[in-house]
Every structure is written in structure tokens, then in C-alpha cells.
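Step one of this worksheet: look at the structure below.
The values are calculated or read from the model by the stated rules, or taken from the named source; none is laboratory data. Computed from a predicted structure; not experimentally measured. As a convention, Cβ positions derive from the backbone with ideal geometry for all residues, glycine included, and neighbour counts pool all protein chains shown. With ligands, DNA and RNA removed, areas are computed over all heavy atoms of the protein, side chains included. Shrake-Rupley method; radii C 1.70, N 1.55, O 1.52, S 1.80 Å.
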Amino acid sequence: MTPPLVAVQDVVKDFPLQGGGNYLALKGIDLDIRKGEFISLIGHSGCGKSTLLNMIAGLDLPTGGTVLLEGETVKRPGPDKMVVFQNYSLLPWLTCADNVHLAVERVFGAVESKTQLRARTMHALELVKLTHAADKRPNEISGGMKQRVGIARALSMEPKVLLLDEPMAGMNVEEKEDMVDRKSTRLNSSHRT
């Protein structure tokens, strides 16, 4: 059997409480994710879904246990593990294209020309049907469009693992249906997990 791309092994996460003691958010979590798999974490608000995603992304560390990506312990965030958060996480002074381009340039700037970087940026916006809004700033677009810019930014970096933390919360029904179809097609064609 192929080794997992992501392995969560006996993960524990607790948080210190102000009055003393700890809040146990996760205990004994085991999960293997293989390349090309789609995994959904389902549970009530506050059950630890986002906490687990943050640890896989390297944004937080487990109190106990291990998170591995391709057999290496996850210790920090990086472009190989991208998260699309519930909030928009866009820089308000940049255009939609510039918000995507900032990430593209960080990951591919040393190996691609400016023309290639711009094409990569526009392709990502095309995937989420936002080329028409490329020159708009976040305060000039809807919440659903902001969320799609975040998805475009994550996809543009070609991560090994794409983590989605309620990425469609600000979208209307039509946008959600379209994004599900587009993400499935994009992820399947690029063999991303």
C-alpha cells in the first residue's frame, strides 16, 4: 500500500485556560490521507476541525502526537500546504489579481518569468470565474467573490495539500455549486490532495 501523503498520528491538542488548567480540544486523533483523496471533517462548532486543519498546515503544533507530510514532521507553514480560511484573508490595499500574484511570486518568482507569473495569476482567477474583477480591491467585491480570490490564491501555488476550512461560507448557492464542480475538476486534473 502507498504510504500516506499526510499522516496524523495519535494527535492531542490542548489549550491553557486563563484561570489555570487546560482545555482538551483533540485527543487520540489518527488519520491517513493519500494523494488524490478528498477528506471531509464533519462535526459541531468547536469540536476541533479547524484546530486539526491548522496543525496539518503547520500553523499550530500538536501538544502530543505527530503530523507528517510525506514522512516529514510538519513544524511550520509553507506553500506545500495551503489553507483557505473561513474569513477572506485578503490584503485590502491590493487588487484581486495582486492578492493572488503576491503568493504566486513568493512560490514561483525565482524560477518563472514575470510573464509566466502573470499568466499563472490570471489562470487562477479564471478557474474561479473572476478575471473580470482582477483590478478590483476587496472592498469593491462581494463576500463570495472575496472567498473565491482566496481559493484562487491557494490553487495558484499548486500545493501538495489543499485544506479548506468552510471556504464557501460567503457564497450564494450558484457560486457554491459552480466552485464544487470547478474544484473537483481542478484537483483531479492536477492530482492534488
Filter result for the condition that a residue is in a loop (DSSP other than H, G, I, E, B), at pLDDT below 95 and of a type in the set (A, V, I, L, M), over 145, 168: 168
Could you look through the stretch 171-192, keep only residues that are out of contact with any Pro (no Cβ under 9 Å at 6 or more places or on another chain), assigned to a loop (DSSP other than H, G, I, E, B) and surrounded by fewer than 20 Cβ atoms within 10 Å (Cβ to Cβ), and pick out the one that is modelled with the lowest pLDDT? 191
Note: among 50, 89, 45, just one is on the phi > 0 side of the Ramachandran plot and either at pLDDT below 95 or part of a helix (DSSP H, G or I) (or both), namely 89
Within the stretch 109-134, work out how many residues are open to solvent by 30 Å² or more (accessible area, probe 1.4 Å) and on the phi < 0 side of the Ramachandran plot. 17
Of everything in the stretch 16-26 that's of a type outside the set (A, V, I, L, M) and open to solvent by 50 Å² or more (accessible area, probe 1.4 Å), which residue is nearest to residue 52 (Cα to Cα)? 23
Within the stretch 32-50, which residues are over 17 Å from residue 15 (Cα atoms), surrounded by fewer than 15 Cβ atoms within 10 Å (Cβ to Cβ) and not hydrophobic (A, V, I, L, M, F, W, C)? 34, 36, 37, 40, 43, 44
Picked from the stretch 135-156 (must be under 16 Å from residue 122 (Cβ atoms) and of a type in the set (D, E, K, R)), the residue surrounded by the fewest Cβ atoms within 10 Å (Cβ to Cβ) is 135
Condition check: touching a residue at least 60 places away in the same chain (Cβ under 8 Å), surrounded by 14 or more Cβ atoms within 10 Å (Cβ to Cβ) and in a strand (DSSP E or B). Does residue 67 satisfy that? yes
Residue check for residue 29: surrounded by 15 or more Cβ atoms within 10 Å (Cβ to Cβ) and either of a type in the set (A, V, I, L, M, F, W, C) or part of a strand (DSSP E or B) (or both): yes
Residue among 63, 51 that alone is among the hydroxyl-bearing types (Ser, Thr, Tyr) and under 15 Å from residue 166 (Cα atoms): 51
From the residues in the stretch 127-153 that are among the polar types (S, T, N, Q) and within 14 Å of residue 90 (Cα to Cα), which one is nearest to the chain's Cα centre (by Cα)? 147
Are any residues in the stretch 1-48 aromatic (Phe, Trp, Tyr) and under 19 Å from residue 163 (Cα atoms), and if so, which ones? 38
